[in-house]
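Have a look at the structure below before the remarks.
Just so you know, all these numbers are worked out from the coordinates, no wet-lab data involved. Computed from a predicted model, the values in this text were never measured in an experiment. As a convention, Cβ positions derive from the backbone with ideal geometry for all residues, glycine included, and neighbour counts pool all protein chains shown.
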């Protein structure tokens with residue numbers, strides 16, 4: 001005869017590890033208001049739970065219930081899987097991993113065959129400045145030229161003297 005389990009603690013969480021035999025690791029997130037500052041704070045707790053049938057997978061939302069100690073770390077057991085995780089999750093095991101399919105490529109557009117390599121190059125546009133024109137000549141007429149200051153020479157002591165510094 002089986003006795004009823006009574007009121008036991010039940011928590012919901014997400015499975016983050018399922019590689020061990022009959023054991024899953026569930027991450028339970030709890031939210032509470034900070035006692036001094038009043039901001040909502042999230043804390044995560046990782047709990048080892050017993051999964052006899054190995055039904056839970058990584059990413060599943062599960063419900064766990066407290067129970068007697070089953071091992072050094074396990075004091076919870078799996079009640080059930082509430083929601084299955086996404087199917088497209090990465091698989092870390094090499095035996096289960098399938099290479100991802102590459103995205104479909106659009107068809108390549110070929111250049112028209114009417115153009116030939118013998119055609120004359122196009123004339124340069126009037127917007128481009130000739131190569132021999134310098135940057136000073138290319139500047140607009142109303143631009144004010146900047147004063148050029150010689151670079152500061154370092155002194156022997158490693159400190160810059162006041163007369164060596166350019167005027168600002």
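Please find the FRET efficiency linking residue 44 to residue 105, where r is the Cβ-Cβ separation and R0 is fixed at 30 Å, and quote it to the nearest 0.05.
0.15
Available extension along the chain between residue 55 and residue 27 is 8.4 nm, counting 0.36 nm per residue and deducting the alpha carbon span. The antiparallel fraction among DSSP beta bridges confined to region 10-83 stands at about 95%. The fewest-to-most ranking of 74, 19 by surrounding Cβ atoms within 10 Å reads 19, 74.
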